[in-house]
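Comments concern the structure below.
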Amino acid sequence: MSEKSAFSLYLIKSYLARQPRQCPYCGSFDNELIARRRLIIQLRKCHNCGLMFRYPKETPEYNQKYYQQDYQEGITTDMPSLETIEKWKQVNFKGTPVDFTEKLNLLNLFIQRGKVLDFGASWGYVSYQLSAAGYDVYGYEISKVRGGYAKKHLGVRMIDSLHELEKYQECFDAIYTSHVIEHVPYPRDLFNLFLKLLKPKGKLIAFVPNCESMSQIMGHGFGMHHVLALNKEFLEPALLNQGFENTFFTSSPYNFDKIRKFAESNVKYDDKLEGDELFFVATKK
């Protein structure tokens, strides 16, 4: 069965079973329909916490199975041939489709050394570049196939089970995660996990699709892969209420000079957050 067919079947079963329209973050039933795709896929907004979530929702069990077997997202999930990966390693991925120099430079503004968790590491291309930049890197990837590729061909230290990851309590100076949070059906549990893994004053450094406007929401905010449509309105109070502090939000294209001022002296600036990608940083208390 194709990825789309399996997804459609799951949605139909969930809809017919009258899955509760309960917010996956705060548990409130007070939410409204704000957008729709293909008749059955809804985007709902919680009036209590502000989270926008896809309905029907995903169970943790379905999410685990889907990303283990079915998920495909172009170059971020397609593992290169051995010939290609050796060529890319020789240039440290510079100029390749997975050259993450800009994001690594942003991370470097907030942490210059230390132990970093690459959460949602796929086949290891960011972990490899982080390691080459001098960080002590661990990758976490739900897909055992992609995680195994990272271990074998990139020499990345990979963790492929949540049970194993939870052993690393207060271990990391920073957690780096790029375009992962919007795929996770229960964000409260995820933020609690991040708090357990980070050292005191450790930093969460994250990138997600920006869903400030309806055009952004309809363009990339929700659908087969994205179960959450995220924006500052939801993220900032959620992070602060759960145990983070000193939050910072900006959107693409990135103004490095202004971001550097915040990183060095907490000087915030007025950003209208109109770009398609949202970058945020939060510090564990």
Q: Please verify whether segment 116-125 includes one or more residues that are touching a residue at least 60 places away in the same chain (Cβ under 8 Å) and among the polar types (S, T, N, Q).
A: no
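Listed here are the residues, each with its yes/no results for (1) in contact with a Pro (Cβ under 8 Å, 6 or more places away or on another chain); (2) of a type in the set (Lys, Arg).
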{"site": "189", "(1), (2)": "no, no"}
{"site": "203", "(1), (2)": "no, yes"}
{"site": "252", "(1), (2)": "no, no"}
{"site": "277", "(1), (2)": "yes, no"}
{"site": "281", "(1), (2)": "no, no"}
Q) Which members of segment 144-170 meet the condition of being in contact with a helix residue (DSSP H, G or I) (Cβ under 6 Å, 6 or more places away or on another chain) and in contact (Cβ under 8 Å) with a residue 40 or more places away in the chain? A) 153, 154, 168
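Restricting attention to segment 149-175, which residues are in a helix (DSSP H, G or I) and over 24 Å from residue 101 (Cα atoms)?
Once the filter is applied, which keeps residues that are in a helix (DSSP H, G or I) and over 24 Å from residue 101 (Cα atoms), segment 149-175 yields 162, 163, 164, 165.
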Q: Provide a single number: the residues in segment 192-249 that are under 26 Å from residue 108 (Cα atoms) and of a type in the set (S, T, N, Q).
A: 6
Q.
Restricting to segment 71-97, count the residues that are buried (at least 16 other Cβ atoms within 10 Å of the Cβ) and at pLDDT below 95.
A. 4
Q) Of all residues in segment 141-179, which are basic (Lys, Arg) and within 19 Å of the chain's Cα centre (by Cα)? A) 144, 146
Q) With respect to residue 160, is the statement that it is crowded, with 19+ Cβ neighbours inside 10 Å and modelled with pLDDT under 95 true? A) yes
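The values are calculated or read from the model by the stated rules, or taken from the named source; none is laboratory data. Computed from a predicted structure; not experimentally measured. Please note: Cβ atoms are built from the backbone with ideal geometry, for glycine as well, and neighbour counts cover all protein chains shown.
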